[in-house]
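Notes follow once the structure below has been shown.
The values are calculated or read from the model by the stated rules, or taken from the named source; none is laboratory data. Since the model is a prediction, treat every value here as computed from it, not as a measurement. Note: ideal-geometry Cβ built from the backbone for every residue, glycine included; neighbour counts use all protein chains shown.
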Amino acid sequence: MFNEKIFRKYDIRGGFERDFDLDFVNLLAKGYCSYIINNSNEPYPPVISIGYDARLSSCAIKDAFISGIIESGLSAVDIGLAPTPLLYYSLQGGDFAGGVMITGSHNPPEYNGFKMCIGADSIFGGAIDEIKGIVQSGAFVSVSSVAAKSTRRDYNTHYLDFFKGHFTDSGRSIKVAVDAGNGVGGELLVQALEDYGCDVTPMYTTPDGSFPNHHPDPAKIENMRDLINCVRENGLDIGIALDGDSDRLGVIDNGGGIVAPDIYMILFVKEILTRAPGATFIAEVKCSKVLYDEVRAAGGKIIMYKTGHSLIKDKMKRTNALLAGEMSGHIFFKDGYFGFDDAIYSAMRLVNILRQSGKSLRDLTSQYMIYKTTPELRIAVPDEVKFELMEKLKDRFFELMRTGSDIKDIATIDGVRISFDAGWGLVRPSNTEPHFVLRFEAIDALSLEKIRDFILNEVSKVTGFT
């Protein structure tokens with residue numbers, strides 16, 4: 001049993017026992033292994049790395065997936081309860097034909113899903129469609145192997161040793177709060193920070209798939225309130241929040257203010273440019289104009305690109321970008337790292353910048369908070385019509401630009417980003433949910449309101465959804 005809508009652009013995700021069951025998981029594993037067998041070349045061995053997050057269904061899903069791997073004639077290495085970055089980390093040595101992370105990420109507790117790789121590369125787009133087709137048709141292939149088996153291997157120590165080698169105790173002492181929302185990566189981040197000589201206040205770092213304190217999604221302010229209060233009440237230097245599988249980073253400054261990803265990315269970019277002048281960076285289409293302006297002013301190159309972790313990792317490889325980031329808090333370091341989104345590593349890089357600067361995080365970032373912005377807004381639009389309606393919206397805004405409106409430019413790299421003298425607005429179709437995602441930015445509150453109202457009015461007129 002499965003709802004075919006769980007096959008998304010860059011992962012497979014839905015409500016467990018509502019959109020898919022364990023029988024489907026077994027078939028999905030066989031479809032994935034068939035894809036691996038059909039597409040892998042030497043030197044990849046026939047072994048799959050598999051990890052799982054703290055959700056209550058994850059262990060059972062992992063077991064069912066491993067059964068499908070073995071039935072396909074491949075072997076599985078179970079890396080255990082792990083954040084998604086640890087699964088990606090396990091793939092860097094070339095020991096595996098691919099890897100699968102069982103995770104619902106930041107979705108509600110009843111959700112779960114699969115992030116898949118061939119070799120160390122994420123599977124997305126047409127490859128996911130190919131796996132879907134194999135599952136639907138039953139066109140499974142297998143290899144003959146009497147040695148197919150499942151073994152357990154721990155990567156935690158190796159991962160932490162990597163951090164010890166790259167972040168040595170230097171600079172001033174930093175007081176850090178870590179709120180993992182009872183997701184799966186908090187204990188590793190706390191250990192890495194303590195190894196680095198930081199004074200750490202752990203919050204909700206014990207994995208618990210019922211998420212008893214708050215949901216592990218740092219993009220929503222209600223999930224950051226406990227961390228904000230902790231930083232303010234204890235006079236801490238920085239607060240770090242992780243999502244459920246630790247590939248997204250939320251940040252609180254020493255005054256208790258939220259530092260948006262497109263703002264703290266500026267700190268990463270400027271540090272990298274001191275060592276790699278003229279380097280290339282990637283920012284998704286929702287990021288602030290100030291990020292693009294600051295990168296160019298510092299002598300770097302920056303590419304505006306589509307939302308989606310798999311899409312961005314692929315674009316980084318094709319452009320040799322040293323860093324990429326999304327407004328959701330996915331940050332990808334190729335500079336000094338492997339190019340995948342790891343909130344634990346990103347947190348360490350930010351703490352390192354803070355330690356070496358001699359300044360507070362608010363002092364480092366406040367100069368860049370020059371625009372008024374909205375959070376992400378969402379309009380419910382059914383999956384079966386959202387892309388068709390998106391094309392109609394694009395046509396409408398181009399028509400308005402031609403016929404004398406105040407629109408100065410339109411970018412269509414992902415949805416439609418409409419620029420005005422005073423700011424911009426974005427409308428894009430979500431690749432993971434039945435929604436349009438919108439965001440607005442302007443030089444002042446009045447301009448922000450005008451841009452938002454203008455675009456929302458056009459969306460309503462063209463699509464009928466508000």
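A few comments on the model shown:
- Qualifying residue in the range 113-122 (condition: of a type outside the set (G, A, S) and part of a loop (DSSP other than H, G, I, E, B)): no
- Hey, I331 in contact (Cβ under 8 Å) with a residue 12 or more places away in the chain and closer than 23 Å to A442 by Cα or not: no
- Single residue of the range 73-89 satisfying the filter (of a type in the set (S, T, Y) and buried (at least 24 other Cβ atoms within 10 Å of the Cβ)) that is farthest from the chain's Cα centre (by Cα): Y89
- The residues in the range 220-238 that are under 19 Å from the mean Cα position of the chain (by Cα) and surrounded by 20 or more Cβ atoms within 10 Å (Cβ to Cβ) can be counted, and the count is 2.
- Positions within the range 259-317 being without any contact (Cβ under 8 Å) to a residue 12 or more places away in the chain and among the small types (G, A, S), in sequence order: A297
- Criterion (touching a strand residue (DSSP E or B) at 6+ places or on another chain (Cβ under 9 Å), under 26 Å from R232 (Cβ atoms), hydrophobic (A, V, I, L, M, F, W, C) and surrounded by 15 or more Cβ atoms within 10 Å (Cβ to Cβ)) met by exactly one of L393, L389, L354: L354
- Number of positions in the range 416-446 that are out of contact with any Phe, Trp or Tyr (no Cβ under 8 Å at 6 or more places or on another chain) and either at pLDDT 95 or above or under 15 Å from T373 (Cβ atoms) (or both): 10
- 3 or more residues assigned by TED's automatic domain parsing to the domain that holds G244: qualifying strands (runs of 3 or more DSSP E) within the range 323-439: 323-325, 331-333
- Here V135 meets the list (1) buried (at least 17 other Cβ atoms within 10 Å of the Cβ); (2) within 25 Å of the chain's Cα centre (by Cα); (3) not in a loop (DSSP other than H, G, I, E, B) almost entirely, failing just condition (2).
- For the range 195-219, a residue qualifies if it is part of a loop (DSSP other than H, G, I, E, B), of a type outside the set (S, T, Y), within 26 Å of Y52 (Cα to Cα) and without any contact (Cβ under 8 Å) to a residue 40 or more places away in the chain, and the qualifying residues are P212, N213, H214.
- Total residues in the range 170-194, condition among the small types (G, A, S), surrounded by 23 or more Cβ atoms within 10 Å (Cβ to Cβ) and either over 24 Å from the mean Cα position of the chain (by Cα) or in a helix (DSSP H, G or I) (or both): 2
- Take the conditions (1) more than 30 Å from G80 (Cα to Cα); (2) touching a Pro at 6+ places or on another chain (Cβ under 8 Å); L242 misses just one of them, which is (1).
- The set of residues from the range 246-284 being over 19 Å from L364 (Cβ atoms) and buried (at least 22 other Cβ atoms within 10 Å of the Cβ) comprises S246, D247, R248, I282, E284.
- Of all residues making up the range 254-273, the number that are outside any helix (DSSP H, G or I), more than 16 Å from the chain's Cα centre (by Cα) and among the hydrophobic types (A, V, I, L, M, F, W, C): 2
- Lone qualifier among I70, I50 - being surrounded by 20 or more Cβ atoms within 10 Å (Cβ to Cβ) and either outside the structural domain of I344 (by TED's automatic domain parsing) or under 26 Å from the mean Cα position of the chain (by Cα) (or both): I50
- Meets criteria (in contact (Cβ under 8 Å) with a residue 40 or more places away in the chain, assigned by TED's automatic domain parsing to the domain that holds K317, of a type in the set (G, A, S) and crowded, with 20+ Cβ neighbours inside 10 Å) for A241: yes
- Check on M369, more than 23 Å from G126 (Cα to Cα), in contact (Cβ under 8 Å) with a residue 12 or more places away in the chain and surrounded by fewer than 19 Cβ atoms within 10 Å (Cβ to Cβ): yes
- Count of the range 7-18 residues, restricted to those that are surrounded by fewer than 22 Cβ atoms within 10 Å (Cβ to Cβ) and not in a strand (DSSP E or B), is 4.
- The number of residues in the range 19-47 that are exposed (fewer than 13 other Cβ atoms within 10 Å of the Cβ) and under 21 Å from S58 (Cβ atoms) comes to 1.
- Residue in the range 20-35 that is over 21 Å from P109 (Cβ atoms) and of a type in the set (V, I, T) present: no
- When the range 138-169 is filtered for residues that are among the aromatic types (F, W, Y), at pLDDT 95 or above, within 27 Å of the chain's Cα centre (by Cα) and outside any helix (DSSP H, G or I), only Y155 remains.
- Residue satisfying all of: in the range 74-107; of a type in the set (A, V, I, L, M) and assigned to a helix (DSSP H, G or I); nearest to A343 (Cα to Cα) among these: L86
- The residues of the range 98-113 that are buried (at least 24 other Cβ atoms within 10 Å of the Cβ) and out of contact with any Cys (no Cβ under 9 Å at 6 or more places or on another chain), listed by number, are T103, G104, S105, N112, G113.
- Checklist (1) at pLDDT below 95; (2) under 26 Å from N107 (Cα atoms) applied to T403, failing item: (2)
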